[in-house]
Amino acid sequence: MIIVLRPSASEHDLEQIVAQVQALGLTPHVSRGVTRTVVGCIGDEDRLREVPLLAFPAVETILPVEKPYKLAAREFAARDTEVVLGGAAIGDGAVYTIAGPCSVEGGEMLLETALAVKEAGAVALRGGAFKPRTSPYSFRGLGAQALDLLAAARAETGLPVVTEVLDTRHVALVAEKADCLQVGARNMQNFALLTEVGESGKPVLLKRGMAATLEDLLLAAEYVLARGNRQVMLCERGIRTFERALRYTLDIGAVPYLKRETHLPVLVDPSHAAGRRDLVPALALAAVAAGADGLLIEVHPDPDRARSDGDQSLTLETFAELMEQVREVAAAVGRRAAGAAELPTR
Ligand code: PEP
Ligand code: MN
């Protein structure tokens with residue numbers, strides 16, 4: 001249930017309503033928009049009917065939320081959520097790009113990539129330290145050592161770092177070193193992990209499971225939000241369908257759908273969807289045109305020698321060319337692509 005306040009409502013009115021909701025045993029979530037404030041209520045909604053809330057002069061209307069996800073629902077927030085990552089406010093309407101290697105393979109390649117993607121216009125550095133691999137015999141990342149390399153690359157470039165956390169046992173360590181915790185496709189419904197990253201209070205990049213519906217994705221986000229962590233970004237990265245030509249099928253329709261359904265930022269990862277580097281730019285540009293708040297792109301200084309996902313990794317040069325095109329497509333649809341150089345230092 002959502003209580004929508006009148007634009008004229010005062011802080012005192014808000015406090016009274018919040019107290020009333022709490023007295024009924026529900027949890028109020030206050031969201032302030034430009035013109036009005038809404039109070040989302042989680043709990044036994046029948047109890048709200050016991051009080052004539054509409055009789056409060058500050059209350060304009062009360063809306064039910066029919067969706068199974070509440071905190072993630074668009075109506076629950078008075079404005080779009082902006083996830084703060086370094087100087088970027090992802091979700092503010094601009095197009096932001098997070099780029100870097102699939103896995104951190106060493107300090108030198110990481111720093112070389114970080115400097116190049118920053119120069120080309122990325123606002124954050126990605127890089128896997130703990131890698132989910134289909135085969136246990138594949139390279140599974142440098143682990144804790146890679147977290148230190150990411151922190152060193154951040155110190156050198158100023159780019160915030162995004163890295164995947166695979167296991168609840170590593171959440172505290174990854175949260176200490178990284179700026180944003182990625183929950184990967186294979187873990188999208190690892191509810192214990194979602195709860196832990198929710199507790200961490202760090203921004204979360206939640207990737208869609210390869211067999212997950214959009215409702216599943218939104219409910220996974222709800223787990224994080226329910227722990228009081230509102231800094232959540234969703235990421236479409238391709239789903240498994242009958243089509244085998246590409247690695248996954250990028251569900252481009254997910255972008256406008258999610259933008260309507262939720263106030264959370266929506267990113268697209270064209271790299272894992274395409275599975276091959278020549279198709280990555282077209283998918284990235286389609287995502288920008290469809291309204292994505294950002295891109296997550298794999299880039300490697302020598303993709304043919306990469307220890308994971310080399311086939312889909314862009315070279316430093318092709319990434320720079322793609323970023324030019326991203327700026328052009330963004331401008332063509334009335335948007336702005338923001339690079340690290342233009343952002344405020346926070
Ligand atoms: C990744 O980003 O490197 C990754 C493993 O992605 P996904 O979870 O989408 O497969
Ligand atoms: Mn990868």
**Q.** From the C-alpha gyration tensor of the chain, square roots of 5λ in Å
**A.** 37, 20, 19
Q. Roughly how compact is the stretch 106-160, stated as its Cα Rg over 2.2 N^0.38 Å to two decimals?
A. 1.20
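Among the DSSP beta bridges whose two residues both lie in the chain, what percent are antiparallel, rounded to the nearest 5?
Numbers: 18 of 45 bridges.
That works out to approximately 40 percent antiparallel.
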Q) How big is the stretch 1-132 in terms of Cα radius of gyration and Dmax, in angstroms? A) 21.5, 65
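Work out, step by step, the length gained on full extension between Arg49 and Glu324: first 0.36 nm times the residue separation, then minus their alpha carbon distance; give nm to one decimal. Before the final figure, lay out the partial values.
On the way: separation 275, 0.36 × 275 = 99.00 nm, distance 5.47 nm.
Between Arg49 and Glu324, full extension yields an extra 93.5 nm.
If you place +1 on the Cβ of every Lys and Arg and -1 on the Cβ of every Asp and Glu, how big does the dipole about the Cα centre of the chain come out, in debye to the nearest 20? Working shown, then result.
Details: 37 positive and 45 negative charges, 72 e Å.
Using Cβ point charges on Lys, Arg, Asp and Glu, the chain gives about 340 debye.
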Q) At q = 0.14, 0.16, 0.18 Å⁻¹, what log₁₀ I(q)/I(0) does a Debye calculation on the Cα points of the stretch 203-346 give, no solvent, two decimals? A) -0.70, -0.91, -1.11
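Report relative contact order for the chain in percent, whole number only (criteria: Cα-Cα under 8 Å, sequence separation at least 6). List each step's numbers first, then the result.
On the way: 767 pairs, mean separation 60.3, N = 346.
Relative contact order for the chain comes out at 17 percent.
How large is the charge dipole for the stretch 77-159, taken about the Cα centre, if only the Cβ atoms of Lys, Arg (+1) and Asp, Glu (-1) carry charge, to the nearest 20 debye?
Values: 7 positive and 9 negative charges, 69 e Å.
The dipole magnitude comes to about 320 debye.
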Q | Listed residues Leu150, Leu63 arranged by accessible area, highest first, probe 1.4 Å | A | Leu63, Leu150
Q: Kindly rank 278-284, 203-209, 152-158 from highest to lowest mean number of other beta carbons found within 10 Å of each residue.
A: 203-209, 278-284, 152-158
**Q.** Calculated FRET efficiency for the pair Glu243/Val18, C-beta based, R₀ 56 Å, to 0.05
**A.** 0.70
**Q.** Inter-label distance for Ile62 and Ala286, nm, one decimal - labels placed 7 Å from Cα along Cα-to-Cβ
**A.** 4.6
Q: Quickly work out the Arg276-to-Thr213 label distance, labels modelled 7 Å from Cα along the C-beta direction, and quote it in nm with one decimal.
A: 3.3
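Give me the number: length gained by fully extending Arg74 to Asp302, i.e. 0.36 nm times residue separation minus the C-alpha to C-alpha distance, one decimal in nm.
Values: separation 228, 0.36 × 228 = 82.08 nm, distance 4.18 nm.
Contour length minus the Cα-Cα distance gives 77.9 nm.
So for the stretch 50-202, what percent of the C-alpha to C-alpha distances run longer than 23 Å?
Working: 5609 of 11628 pairs.
In whole percent, the long-distance tail amounts to 48.
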**Q.** From phi via Karplus (6.51, -1.76, 1.60), per-residue ³J(HN,Hα) for the stretch 271-281 in Hz, x at Gly/Pro
**A.** 5, 5, 5, 6, x, 9, 5, 5, 9, 5, x
Q | Per-residue SASA entry for Cys102, accessible area with 1.4 Å probe, Å² rounded to 10 | A | 0
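Sort Ser8, Ser31 by heavy-atom solvent-accessible area, probe 1.4 angstrom, most to least. Each step should come with its number before you reach the end.
On the way: Ser8 100, Ser31 15 Å².
The ordering from most to least exposed comes out as Ser8, Ser31.
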Q. Which of the chymotrypsin sites (Phe, Trp or Tyr not before Pro) found in the stretch 216-250 are loop residues per DSSP with 11 or fewer other Cβ atoms within 10 Å of their Cβ?
A. Phe242
Q.
Considering only C-alpha atoms, what is the centroid distance from the stretch 278-300 to the stretch 182-233, in Å?
A. 22
Q) Taking a probe of 1.4 angstrom, what is the accessible area of Asp13 in Å², to the nearest 10? A) 40
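When the solvent-accessible surface of protein heavy atoms is calculated with a 1.4 angstrom probe, in what order do Glu82, Glu11 fall, highest first? Numbers along the way, then the final one.
Values: Glu82 70, Glu11 100 Å².
Most to least solvent-accessible, the answer reads Glu11, Glu82.
The values are calculated or read from the model by the stated rules, or taken from the named source; none is laboratory data. A quick note: this is a predicted structure, and the numbers were derived from the prediction, not measured. Glycine gets a Cβ as well: all are built from the backbone with ideal geometry, and neighbour counts include every protein chain shown. Surface accessibility is based on the protein's heavy atoms, side chains included, excluding ligands, DNA and RNA. Shrake-Rupley method; radii C 1.70, N 1.55, O 1.52, S 1.80 Å.
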